[in-house]
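The block underneath contains the structure these notes are about, expressed in structure tokens.
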């Protein structure tokens, strides 16, 4: 069976074959690489990652490092 992908956007074709719709930007890839493999202290109950100050500070530092500041 041959698929006719004429007229389908690249993003839609990628999603159809199980790939992500687009690649992350170089900046997003840099931030992800900075955060990968890090462990954090468990926050108090009800204070997930969104409210975990250590996670927030590490994210800010990763953004600063990728911006070159």
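Within segment 55-69, the residues that satisfy the criterion of being out of contact with any helix residue (DSSP H, G or I) (no Cβ under 9 Å at 6 or more places or on another chain) and modelled with pLDDT of 90 or more are 60, 64. Residues that are assigned to a helix (DSSP H, G or I), surrounded by 11 or more Cβ atoms within 10 Å (Cβ to Cβ), at pLDDT 75 or above and under 18 Å from the mean Cα position of the chain (by Cα) within segment 15-54 comprise 15, 27, 28, 29, 30, 31, 32, 33, 34, 35, listed in sequence order. Within segment 5-26, residues that are over 30 Å from residue 65 (Cα atoms) have Cβ atoms under 8 Å from residues that are surrounded by 11 or more Cβ atoms within 10 Å (Cβ to Cβ) and modelled with pLDDT of 75 or more in these pairs: 5/13; 8/16, counting only partners at least 6 apart in sequence or on another chain.
The values are calculated or read from the model by the stated rules, or taken from the named source; none is laboratory data. In this text the structure is predicted, and so the values were computed from the model without any measurement. Ideal geometry is used to build each Cβ from the backbone, glycine not excepted, and the neighbour counts take in all protein chains shown.
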